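The values are calculated or read from the model by the stated rules, or taken from the named source; none is laboratory data. No experiment lies behind these values; they were computed from the predicted model shown. Reconstructed Cβ throughout: ideal geometry from the backbone, glycine too, with neighbour counts over all protein chains shown. In case anyone asks, the SASA skips ligands and DNA or RNA and just uses the protein heavy atoms, side chains included. Shrake-Rupley method; radii C 1.70, N 1.55, O 1.52, S 1.80 Å.
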Protein chains: 2
Amino acid sequence: MTRTDGIRVAGSTVILTLRPSALGTPALALPLVRRTREPFADRWALPGGWIAPDESPIDTAARTLAETTGLTPSYLEQLYAFGAVDRSPTRVISIVYWALLRQDEVLAQSAAHRASGRAPENVEWFDVDALPELAFDHADIIEYALWRLRSKVGYSRVAHGFLPSEFTLADLREAYEAILGRQLDPANFRRQVEATGNLIPTDRFRTGSHRPARLYRDNTDVELAARGPLGPEETSIR
Amino acid sequence: MTRTDGIRVAGSTVILTLRPSALGTPALALPLVRRTREPFADRWALPGGWIAPDESPIDTAARTLAETTGLTPSYLEQLYAFGAVDRSPTRVISIVYWALLRQDEVLAQSAAHRASGRAPENVEWFDVDALPELAFDHADIIEYALWRLRSKVGYSRVAHGFLPSEFTLADLREAYEAILGRQLDPANFRRQVEATGNLIPTDRFRTGSHRPARLYRDNTDVELAARGPLGPEETSIR
DNA sequence: TCAAAAGTGTTGTCCTTACACCCATGC
DNA sequence: GCATGGGTGTAAGGACAACACTTTTGA
């Protein structure tokens, strides 16, 4: 009755960050991996791998994320288990996670890779609105991850996962604007985020342009998003 | 490179309905199955089974739901993929769904089972606040499903999944109250659900107690819950 | 001095809540 | 009649959007 049913289980992750665009405003971007084998050889795909026998799905996600980017995510949550029979030539169920990376860490890591000349092979970053053709159902998966991010930004603090430890309210507002794809009123935005009580003002300011802007820190006592009754081993938040 | 890694994939479903309680108000209830083998022999567990090689996870959920209850759900959505290494003595990843059944269909089916004397074996219904000891991590899973239901009732129409095709506003309000565990103001509730435009008033009334109450139908053009970009094959709604 | 972003104030609209009140039926 | 739930009216309070306005810097 123990069935060897030939279903293999993979883990993949939609890894999102913000990076400066041509206009100076940040834009959503993600790393993809060029496949070296069939099926879909040479196509771009989400980072991922097989779930090892002694590995929880979230650990597979964190492991392949580190292999791809060298980084630890600021937010990591299960997105969905994709298991349609025809989504791959062989039967594969993919447990997909989505992750956020802080933009400063991505930039520092890219600089380190350039300096050392030892960047991960076959990894490239793409703006989410200029994606290449993707393997399997990965285009649908990314679309769903973006939908989830855009939904969740409205009722949680996931946008903070993109920012460094100290940031201005303009930084935070630009992150929201990049995610939502529309402008927000700076005055109202300020009051709304201040009212949450999750921002700690520092006595430091960012100068350089016009009137100096106060720097804030996150209140790390509060999670970026409510997880419900799932324990911390099932969602990982730094 | 094709790994036979020994991970088996199961599908389980948290099947919820409302049934009249001692006080006359409806209460959330779900069917459990008594296990006949180790591990956890004789313990109660969620209905489920192995995902067949040619079967999508949602089809496993729908199939085992039908085997357990003889019914088709009014709402069926993926809950979460549980895959912690130690959640079972052998390595099992469970892709769990949650489903809603209309209370009238459950009552009719129970009556049919009693009449024919051929009810499904080892299946029993429990109120969600009086659950027995459960196998595996199924208690956590049910808790998470209830959290999801309670969250989702606030921004979608999932509560309608419990009701028959025609219902009064009091029926609908009692469903909300049973899910949320608190009383709602009938006057304000009426205005809120009428404002959504998702209710179609009929010209029929329910008599029998005091002033007759108008019967409403659902606007079936509108889904019970927004699914985002996931296609209809990934969530199933009747 | 000027442009531009930081930050504050003010107002109107919409939504929610609380609760008073009337309506229609069974008993 | 009267108890009870069905159904309407209304006013207070809060959240939110729009936008005028002041402050503070670099150039």
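In order along region A:97-112, phi translates into HN-Hα couplings of 10, 10, 9, 10, 10, 6, 5, 5, 5, 5, 5, 5, 5, 4, 4, 5 Hz, rounded to whole numbers, per the Karplus curve 6.51 cos²θ - 1.76 cosθ + 1.60 with θ = phi - 60° and x for Gly and Pro. A 1.4 Å probe over all protein chains sorts B:Asp140, A:Asp203 by accessible area into A:Asp203, B:Asp140, starting with the largest. Scalar couplings 3J(HN,Hα) for region A:44-59, obtained by applying the Karplus form with A = 6.51, B = -1.76, C = 1.60 to θ = phi - 60°, are 7, 8, 5, x, x, x, 5, 7, 6, x, 10, 10, 6, x, 5, 6 Hz; x denotes Gly and Pro. Using R0 = 51 Å, the C-beta based FRET efficiency linking B:Arg217 and A:Thr25 works out to 0.60. The residues of region A:79-126 listed by number as losing at least 10 Å² of accessible area in the complex, against the isolated chain and with a 1.4 Å probe, are A:Tyr80, A:Ala81, A:Phe82, A:Gly83, A:Ala84, A:Val85, A:Arg91, A:Ile93, A:Ile95.
Take B:Ala187, move 7 Å from Cα toward the beta carbon, and the resulting point lies 3.6 nm from the same point in each other copy, nearest first. Treating the protein assembly as shown as a set of equal point scatterers at the Cα positions, no solvent, please give the Debye-formula log₁₀ I(q)/I(0) at q = 0.13 Å⁻¹. Log10 I(q)/I(0), no solvent term: -1.28. The two copies B and A are related by a rotation, and the chain B beta carbon nearest its axis, with distance in whole angstrom, is B:Ala81, 2. The antiparallel fraction among DSSP beta bridges confined to chain A stands at about 75%. All Cα-Cα distances of region A:84-198, cut into 5 Å bins from zero to the largest, leave 2, 8, 15, 18, 16, 15, 11, 8, 4, 2, 0 percent in each bin in turn. Accessible surface area normalised per residue over chain A is 49 Å², counting heavy atoms of protein chains with a 1.4 Å rolling probe. Length gained on full extension, B:Thr72 to B:Arg204, computed as 0.36 nm times the residue gap minus the Cα-Cα distance: 44.8 nm. A point 7 Å from Cα along Cα→Cβ stands in for A:Asp129, and the other copies hold the same point at 4.9 nm, listed in rising order. When B and A come together, around 3300 square angstrom of accessible surface is lost from both chains combined, probe 1.4 Å. Working note: Debye formula, equal point scatterers on the alpha-carbon atoms of region A:120-188, no solvent; log10 I(q)/I(0) at q = 0.19, 0.25 Å⁻¹ is -0.90, -1.19. A cut-off of 5 Å between modelled amide H atoms, ignoring neighbours fewer than 5 places along the same chain, links B:Tyr216 with B:Phe167, B:Thr168, B:Thr202.
For region A:156-227, the percent of C-alpha pairs falling in each 10 Å distance bin, counted from 0 to the bin holding the largest distance, reads 19, 55, 24, 2. If you wrap the Cα atoms of region A:1-152 in a convex hull and average its projected area over all directions, you get 10.4 nm².
Computed over protein heavy atoms with a 1.4 Å probe, the carbon and sulfur contribution to the accessible area of region B:157-226 reaches 46%.
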